[in-house]
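The values are calculated or read from the model by the stated rules, or taken from the named source; none is laboratory data. Keep in mind the model is a prediction, meaning the values are calculated, not measured. Please note: Cβ atoms are built from the backbone with ideal geometry, for glycine as well, and neighbour counts cover all protein chains shown.
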Amino acid sequence: MTEKMTPELRTETRKKVLHLGGTLFLVTAVTGLILGFVEWGTRIAIEKAQAEAKAEALRNVMPEAASFAAEPMADAGGEMITEIQHAVDKDGSTVGWCLSVSTKGYGGPVAFVVGIAKDGTIRGINILSHSETPGLGARSTEPEFYGQFADKKAPLKIVKGEAGAEDEIAAISGATITSTAVTNGVNAAAEYWDKNLKGK
Amino acid sequence: MDFMHVIVEPLALMGIMGGVFGALLAVASIVFRVHQDERIGLIRAALPGANCGGCGYPGCDGYASGVVNDGAATNKCSVGGAPVAQKIAEIMGVKAEAAEPMRAFVRCKGTPEASPRLADYDGVRDCRAAATVPGGSPNACPFSCIGFGTCVSVCPFGALSMENGLPKVDLDKCTGCGVCVSNCPKSVLTLVPRKANIVVACNSHWKGPMVRKVCSAGCIGCGLCAKNCPVQAITIDRDLAVIDPNKCIGCGRCVSKCPTKCIAADQACTPLEQTA
Amino acid sequence: MTELFLLFLSSIFVHNILLSRFLGCCPFMGVSSKSETARGMGVAVVFVIVLASLMTWLTYNFLLVPLHLEYLYTLSFILVIAALVQFVELALKKLNPTLYKSLGIFLPLITTNCAVLGVAVLNMNEGYGLAESLVNALGSSLGFLLAISLMAGIRERIESNEGIPECLRGLPMALITAGLMSIAFMGFNGIIK
Amino acid sequence: MSQSTNPLKIVANGLLAENPTFVQCIGLCPTLAVTTSVANGVGMGIAATFVLIASNAVISMLRKMVPDEVRIPIFIVVIAGFVTVIQFLMEGFAPELNKSLGIFIPLIVVNCIILARAEAFASKNGVIASALDGVGMGLGFTVALTFLGAIREVLGSGTLLGTQVVGFDPILLVVLAPGGFIVLGCCMGAFRAIQAKLAARKGACSPAKKASGCAGCAMSASCPSAEGGKA
């Protein structure tokens, strides 16, 4: 079994522990230091990039809004809703609401922002992230699909082929699961708006 | 900038983790020390360390212990190529010293005329497949060359070509690497030294009368060659004459004495000069 | 409980780490020429991925998050994995040489295996709890074992096939076979949301 | 592993003779997953090249004082450090590339090429030679990724660098997971076929056979047709 701890073996172990432990300590510590420094240096740039991406997403569902303020989630009603932004124009009156929604798509969660105007019509949606199959579900990020939601009244129905009536959305051919998921998300946002944000 | 969070904490955390793991490994390497053949370490140093598994062994350590413990070939590292193979050969003491230059030799004269084809075989045109036929071969003589050219296809130097149902060795291209010998199901091909020019061109261990029935150019084990050899270079091994190339002085008496003329008097060929 | 089971099944079939997430392809191509080495590699990977996922989950949630140093996850994960594999290799070589003979020689190969770090990072990105991380790790590594054993079986059969053109023999044919297997595994898509 | 020291040979060695993707077949994970478009391929190639050069240089500097038992952890920590640096740079200044490369940036750490080059070359040679080797291998990797990225993008989504190029409707499979395996398999086959033809024209035995037959054969030193039996 393991050699018994003779005196010179103990010194050899101590020497080796110091040697190996010390080198590894030195290398990892120096690397940690460099990373801490680089992280601090780029932190501002990263925050700016992330804020920029978020604002850009909100702006193109609610073009006429000047600024956005975070709004606390009212009650448990919107389990699909992840975040709400209150959109106001220059002189502070409400223009509408932006709700970030995350629904279960074909390949995984699909996250998008829904812009709802003061009177309840859907100003538009913007897909942020998804892991749908390229060429099928991924086509939900093309204007032909998400453009259909602009200036529509909830609740919306998903149909195959041509969208006839006012509240119908034409599903992407071959990606009905993704199209239905997005439409359910939009209906959930509209329903949440109807219950909690209508009066404000 | 909050000095603590940006500089000290990452440094401390990573440093402590590194230090702890280093110490842990140090203690482990002492407590778990196991004696290992030092050649494995040497070979492991010579290997590129890509752990890519291209040699079929799991990573470089696997291959190194494979070479030392179960004698794997020294050239299996595709990434390292020839230089690494050379180094491993030296470490293992298998010097790639200039071995006696050898060449392939066809121990059969059973052309379709000399030895009739018994069966009309239309299976896979490959000797190894044809050798599984009941009776061991579509030919009358089970020791004879089947003639589907497996040796020709495996030869890495293109030194073999089929002529009249038997392989012909191109002495300029044949380097004696032995790939054909290991692939021939009937072991008709064998390696002989390049300087030897008199070799028995038969592979049959049957008694004389039976050989006469199946082949007109086979060795019937009569022993005339052995009796007439001035230097006793020929022995009869189970009714097949075998010439010892080192003793043979190439006088050719046996060739003339052999009743079936199955001893081949190939012209001796000079060793392959280095053109590369 | 069913949610965990669904996650387990999806990480073996739907999101197979080799055939649809492309993690761990280097050893997959290299070691899958013989089936017993492939199986040994697969079992070693299962053992290491589950252990590594446990260690990296603990490191992340008890060391990095409290100190708000999440950005150090790459460095700390790979340090933990490398040290863990080296320690397990030493321990195994001493305590159980027979197991080491069949399993241990793959261990240094696994440190540089994208699958181990890949699973650890995925567990963190998805924000899985301890139970979910371990189930995902077990599922992914069993998926790896399944894929590499199937591959080894097929490759042994195509090795001796004379029909393959000269330049495609060996690795190119193995890659094309893996492509076909990946198409087959795509059939599982969508059975689990 | 030609140990010659003239810089051009080391770089050329990484690009052609030992191209990491086509010849050594290491670093397959990012190669298969990321080459769905040229932009991704180039982005990944450049990121990997930066890490490769930096880590090769630093590792060859440290090679004297690294005890053998902890060789792998130290190399990996150095590589991980550089990968995290490149990750921050990407998040800060190239967010869209960062989104498309996604999980594959942290996976550069365990990319077999970098650790293989660190162990095989950097830990045995000088700093300049190692850095040059990093350049060579990085270029070889980037060229391979761009080449595969171009093929898969044109076939799979009909565009090249985003602009519509091809008339017929694209073959979706090529962009998906299985496409990566199949396209890489065919490219490697083509690469070997070209090498075999080149070798055949020079009268040497084709490399496919050479790899199996000649290298270990005792006669390979004196064999006329094994082109360059020696290094």
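Cβ contacts < 6 Å: first residue more than 7 Å from every other protein chain (Cβ to nearest Cβ), restricted to region D:176-193; second residue of a type in the set (Lys, Arg), any location; separation 6+ or different chain. Result?
Matching pairs, first to second residue: D:183/D:152.
Is region D:24-32 home to any residue that is modelled with pLDDT of 80 or more, assigned to a loop (DSSP other than H, G, I, E, B) and within 30 Å of residue B:56 (Cβ to Cβ)?
No, there is no match, as no residue in region D:24-32 is modelled with pLDDT of 80 or more, assigned to a loop (DSSP other than H, G, I, E, B) and within 30 Å of residue B:56 (Cβ to Cβ).
Return yes when residue A:110 is modelled with pLDDT under 85 and in contact with an Asp or Glu (Cβ under 6 Å, 6 or more places away or on another chain) and no when it is not. If you could, list the steps in order and put the result at the bottom.
Values: modelled with pLDDT under 85: yes; in contact with an Asp or Glu (Cβ under 6 Å, 6 or more places away or on another chain): no.
Spelling it out, it is not the case that residue A:110 is modelled with pLDDT under 85 and in contact with an Asp or Glu (Cβ under 6 Å, 6 or more places away or on another chain).
Give the residues of region B:128-170 that are closer than 17 Å to residue B:105 by Cβ and in a strand (DSSP E or B), sorted by residue number.
Scanning region B:128-170 gives B:160, B:161, B:162, B:163, B:166, B:167, B:168, B:169.
Which residue pairs have Cβ atoms closer than 7 Å, lie 6 or more positions apart in sequence or on different chains, and pair a first residue in region D:20-33 that is under 21 Å from residue D:135 (Cβ atoms) with a second residue that is aromatic (Phe, Trp, Tyr) and surrounded by fewer than 24 Cβ atoms within 10 Å (Cβ to Cβ)?
Short answer, once both residue conditions are applied: D:22/D:191; D:30/D:104.
Sort through C:100, C:128 and tell me the only one that's assigned to a helix (DSSP H, G or I) and either away from chain D (no Cβ under 14 Å) or within 20 Å of the chain's Cα centre (by Cα) (or both).
Values: C:128 fails: assigned to a helix (DSSP H, G or I).
None of the others qualify; the one that does is C:100.
Quick one: would you say residue C:93 is within 10 Å of chain B (Cβ to nearest Cβ), over 15 Å from residue B:58 (Cα atoms) and over 13 Å from the mean Cα position of the chain (by Cα)?
So residue C:93 passes the test.
How many of the residues in region D:58-82 are buried (at least 20 other Cβ atoms within 10 Å of the Cβ) and within 23 Å of residue D:129 (Cβ to Cβ)?
12
Please specify each residue of region B:9-28 satisfying the condition of being surrounded by fewer than 22 Cβ atoms within 10 Å (Cβ to Cβ), under 14 Å from residue C:82 (Cβ atoms) and at the interface with another protein chain (Cβ under 7 Å from one of its Cβ atoms).
B:24, B:28
Which strands (runs of 3 or more DSSP E) sit wholly inside region A:37-144 and have at least 2 residues that are in the same structural domain as residue A:187 (by TED's automatic domain parsing) and touching a Phe, Trp or Tyr at 6+ places or on another chain (Cβ under 7 Å)?
Numbers: elements: A:67-71, A:81-88, A:94-104, A:109-117, A:121-129.
The qualifying strands (runs of 3 or more DSSP E) are A:81-88, A:94-104, A:121-129.
Show the residue pairs that are 6+ apart or on different chains and have beta-carbon atoms under 9 Å apart, the first residue being within region C:48-63 and under 17 Å from residue C:135 (Cα atoms), the second being buried (at least 19 other Cβ atoms within 10 Å of the Cβ) and aromatic (Phe, Trp, Tyr).
Final answer for the pair search is C:48/C:106; C:49/C:144; C:52/C:77; C:55/C:77; C:56/C:73; C:56/C:77.
Taking region A:1-15, which residues are among the polar types (S, T, N, Q) and within 9 Å of chain B (Cβ to nearest Cβ)?
We begin by selecting, within region A:1-15, every residue among the polar types (S, T, N, Q); these are A:2, A:6, A:11, A:13.
Passing the criteria: A:2, A:13.
Under 7 Å between Cβ atoms, which residue pairs at least 6 apart in sequence (or on different chains) link something in region A:16-42 that is more than 7 Å from chain B (Cβ to nearest Cβ) and closer than 12 Å to residue D:81 by Cβ with a partner that is aromatic (Phe, Trp, Tyr) and buried (at least 17 other Cβ atoms within 10 Å of the Cβ)?
Here the result reads A:38/D:88; A:39/C:71; A:39/D:88, each pair linking region A:16-42 to a residue that is aromatic (Phe, Trp, Tyr) and buried (at least 17 other Cβ atoms within 10 Å of the Cβ).
Being among the aliphatic types (A, V, I, L, M) and at pLDDT 85 or above narrows it down to one residue among B:242, B:179; which is it?
On the way: B:179 fails: at pLDDT 85 or above.
Matching residue, one of B:242, B:179: B:242.
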